[in-house]
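The block underneath contains the structure these notes are about, expressed in structure tokens.
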Amino acid sequence: LWLTAGYDSTIKIYDMKKRKLLSQYAGHRSIITAAHFIREDSYIISCSFDQSIKIWNAKTAKCERTLTGHTDSIITCAVTPNSRYIISGGVDCSIKVWEFGTGNNIVTINKHTRWVKIIKVSLDGKYIISGGLDKKIYVWDIKFLVNTKNLNPTYHRCIDYHTDYILDMDVGPNDTMISSSSDMTVKVQNYVTGALIHNISLTPVWATAIKFTEDGSMFGLGCSDNSLLIYSTLTGKFERQI
């Protein structure tokens, strides 16, 4: 299955083998900035410039819950591996943690000083990683956030190797993270210790999208010159262009 969403404010699911549209979801009032399958593809979460997050039943194409609380466009959303929590961020510079089951906003974090561009959750579900236009990446302990709620939402670590906007991030096994920036670099880091493992210069282009392979041994970069580059996670060396 292929899940798409975007400028027409709808979500569509396609059968790629049959090249057939299976279902369409309408309800957002503006551009949809992210959409994800969750709970073994039985639900979809989406976020939008309309300042809302929606939870959809993938079988019925019905919106089961709308989450509101952001005061400006939502740029990014993610979900924990157990689907218990949804995390969102956007133009209002805040990060919000929501309970999937109730739709309640249980934590609001106001640490980024500019837009929150991308949010990821570690593969073990322990950490939220947020990257913003303030050039910073923050690592948050989910258990600590949930237990303290809004009393003292302090971060586990701040990673500030980049010198310009954070554009994209991905997390892999062994506490590994990759991040791209408009400073024309990609950095491989350990998000728990904050250690910089590899610094990759892409000058004169930048990576607008990055993704680990399933086993984390390689990662791909979608670049501003329309190229797709493959790198080794272990060595940080360029492998090939597709």
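Going by what's in this entry, would Val188 be described as in a loop (DSSP other than H, G, I, E, B), modelled with pLDDT of 95 or more and surrounded by 14 or more Cβ atoms within 10 Å (Cβ to Cβ)?
Numbers: in a loop (DSSP other than H, G, I, E, B): no; modelled with pLDDT of 95 or more: yes; surrounded by 14 or more Cβ atoms within 10 Å (Cβ to Cβ): yes.
No; evaluated as a whole, the condition is false for this residue.
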All positions within region 90-133 that are closer than 15 Å to Thr68 by Cβ and either part of a strand (DSSP E or B) or under 13 Å from the mean Cα position of the chain (by Cα) (or both) | Gly90, Lys96, Val97, Trp98, Glu99, Asn105, Ile106, Thr108
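Given the residues Asp170, Asp134, which is the only one that is within 20 Å of Cys223 (Cα to Cα) and either of a type in the set (Phe, Trp, Tyr) or surrounded by fewer than 23 Cβ atoms within 10 Å (Cβ to Cβ) (or both)? Steps first, please.
On the way: Asp134 fails: within 20 Å of Cys223 (Cα to Cα).
Just one listed residue meets the conditions, Asp170.
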Name the one entry in Asp8, Asp41 that is in contact (Cβ under 8 Å) with a residue 40 or more places away in the chain and either surrounded by fewer than 18 Cβ atoms within 10 Å (Cβ to Cβ) or among the aliphatic types (A, V, I, L, M) (or both).
-> Asp41
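Residues His156, His162: which one is closer than 18 Å to Gly131 by Cα, crowded, with 18+ Cβ neighbours inside 10 Å and at pLDDT below 95? It would help to see each step written out before you state the result.
On the way: His162 fails: at pLDDT below 95.
Checking each option against the conditions leaves just His156.
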Among the candidates Met218, Met177, single out the residue that is farther than 19 Å from Asp124 by Cα, crowded, with 17+ Cβ neighbours inside 10 Å, at pLDDT 95 or above and of a type outside the set (D, E, K, R).
-> Met218
Are there any pairs with C-beta distances below 6 angstrom linking a residue in region 139-168 that is among the acidic types (Asp, Glu) to a residue that is at pLDDT below 95, with the two at least 6 apart or on different chains, and if so which?
-> Asp141/His156
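How about region 185-199: which of its residues are among the hydrophobic types (A, V, I, L, M, F, W, C) and within 18 Å of Ile230 (Cβ to Cβ)? Reasoning before the result, please.
If we filter region 185-199 for residues that are among the hydrophobic types (A, V, I, L, M, F, W, C), which is where we start, we get 186, 188, 192, 195-197.
Correct list: Val186, Val188, Ile197.
Out of everything in region 70-102 that is surrounded by fewer than 17 Cβ atoms within 10 Å (Cβ to Cβ) and touching a residue at least 12 places away in the same chain (Cβ under 8 Å), what residue ends up being nearest to Thr33 (Cα to Cα)? Don't jump to the end; show me each part of the working.
Taking region 70-102 first, the residues surrounded by fewer than 17 Cβ atoms within 10 Å (Cβ to Cβ) are 71-72, 81-84, 99, 101-102.
Narrowing further to those that are touching a residue at least 12 places away in the same chain (Cβ under 8 Å): 71-72, 81-84, 99, 101.
Working: Thr71: 16, Asp72: 13, Pro81: 21, Asn82: 23, Ser83: 20, Arg84: 21, Glu99: 20, Gly101: 23 Å.
The qualifying residue nearest to Thr33 (Cα to Cα) is Asp72.
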Just to be sure, is Gly27 out of contact with any Lys or Arg (no Cβ under 7 Å at 6 or more places or on another chain), assigned by TED's automatic domain parsing to the domain that holds Leu145 and of a type outside the set (Asp, Glu)?
-> no
Hey, among Lys96, Lys143, which residue is at pLDDT 95 or above and of a type outside the set (Val, Ile, Thr)?
-> Lys96
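The values are calculated or read from the model by the stated rules, or taken from the named source; none is laboratory data. Computed from a prediction, not measured in an experiment: that's the story for all the values here. Cβ atoms come from the backbone with ideal geometry, glycine included; neighbour counts cover every protein chain shown.
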